[in-house]
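Student: Have a look at this one before I ask anything.
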Amino acid sequence: MASGSEGVALERKQKIVSALCKSRSLDPEKFLDDVKNDLKSLSLNIVKAALENNVDFNKWVTFAENFPSDPEACLKGLSQLNEYLTEKSVLVGGGSTPSEADIIVFSTVHPYVISLAVSDKNKLPHLMRWMDYIQNKHDLRELFEWILVEKAPFDPPLAKVTAKVEGESSTKKAESSTKTAESNTKASSSKAEAQKKSDGPKKQTETATEKKKLPEKAAAAADEKEKENELSVSLLKIQVGLIRKASKHPSADSLLVEEIDVGESKCRQVVSGLAKFCTPEELTNRLVALITNVKPGKLRDVVSEGLVLCASNADHTVVEPLVVPQGAKIGECVTFSGHEGKPEDVLNPKKKQLDKITPNLFTDEKGVATFKGAPFMTSAGPCTSSIPKATIK
């Protein structure tokens, strides 16, 4: 059975095969049997021997094959790609026609680019322009979630107005108009002064009213800020845990009791409703994503000190713990690009913070666990599930 990281790598290759075949009008089914081969051999089987000795092509295949999943290293790789594209439309060749290398790199970096925060995307303008060009050139919306790229509006320059010199009669008319304007200005100034004196008390009343409204506006802004914080996934402390032991609950057939190692002095005891979906043997020695800042409580007289995050299909007939990639470190915190912040020491049950956050936790069409589209990231890659478009609780 393939590990979580192997499954993600296999799925990535399948996407690359499908994208390459679409760009060449080929049937991907003819190549999917070879998807376990290394990426370079797989790609060359599709694009034929003509590209085998192409140095630039091989360079970008190597880039794709070695592209990191660690958030910091990933952003560095995207920055290098952005710099390369500063004066180029495509990766290989001097024109504007995307090559197979463009398709391969696009397929590789897409899941990372789409999960970037807006502030990070704004720092990569050449990369975003290239991503938009590739997805439009080959219409890859059936294979990849569409990346929305904000484009600056183009305002055409206004035509210059050419003044005509008309002679002395025009000059006299201009002088006459100037005198009339000056006369009108003086009259307007007098009226304005009188109006100003008349409106003085009224203006003072309006100013006082506005000052009274300021504290109300500040309070409303503070409430809005609090609401935003309550909905942020950064309030949750989600850690990678290893289930050292799992057993049946002593008095509830639907519950299991797990001893989970999160790198603390002792394992946490956690009660979960997984008895109908997993056996204790299947859970033992499994990595899980565990919320560790929930308030401890008893479930059928057994204390629970955490919440194992699980994916579920629509009718709740299939439930499984999220798959944490092999290589993730016990105790490390799961991160979400664009949603940085300090987690609560202990979630406040009265505020129902968890209830407000979990509706935004789901797996995408590829089974990657996300919060509002931002992947659950560990040092070894994203957390996943075999259930696409699942709810996560």
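A short reminder: the numbers here are calculations on the coordinates, not readings from a lab. Predicted model only: the values in this text are computed from it and were never measured. A quick note on method: Cβ atoms are made from the backbone with ideal geometry, for glycine too, and the neighbour counts reach across all protein chains shown.
Student: Local charge sum around Thr292 (other residues, Cβ-Cβ under 15 Å, Lys/Arg +1, Asp/Glu -1)?
Tutor: -2
Student: Extent of region 106-154 along each principal axis, from alpha carbon coordinates, in Å, largest to smallest?
Tutor: 26, 26, 14
Student: Something else about it: Give the Kirkwood hydrodynamic radius (Å, one decimal) of region 298-356, defined as one over the mean of 1/r across all pairs of different Cα atoms.
Tutor: On the way: mean 1/r = 0.0669 Å⁻¹.
Its Kirkwood hydrodynamic radius stands at 15.0 Å.
Student: What's the magnitude of the charge dipole for region 52-110 around its Cα centre, counting Lys and Arg as +1 and Asp and Glu as -1 at the beta-carbon? Answer in Debye, nearest 20.
Tutor: Dipole about the Cα centre, nearest 20: 80 debye.
Student: Under Stokes-Einstein, with the Kirkwood radius over Cα pairs standing in for Rh, what whole-number D in µm²/s applies to region 278-393 at 20 °C and 1.002 mPa s?
Tutor: Stokes-Einstein gives a translational diffusion coefficient of 142 µm²/s.
Student: With 29 Å as the limit, write out which pairs from Lys30/Lys121; Lys36/Lys329; Lys22/Lys59 have Cα-Cα distances beyond it, or answer none.
Tutor: Lys30/Lys121
Student: Collect residues whose amide H, placed 1.01 Å from N in the peptide plane, falls under 5 Å from the amide H of Val323; neighbours closer than 5 in sequence don't count.
Tutor: So Val323 has HN proximity to Thr384, Ser385.
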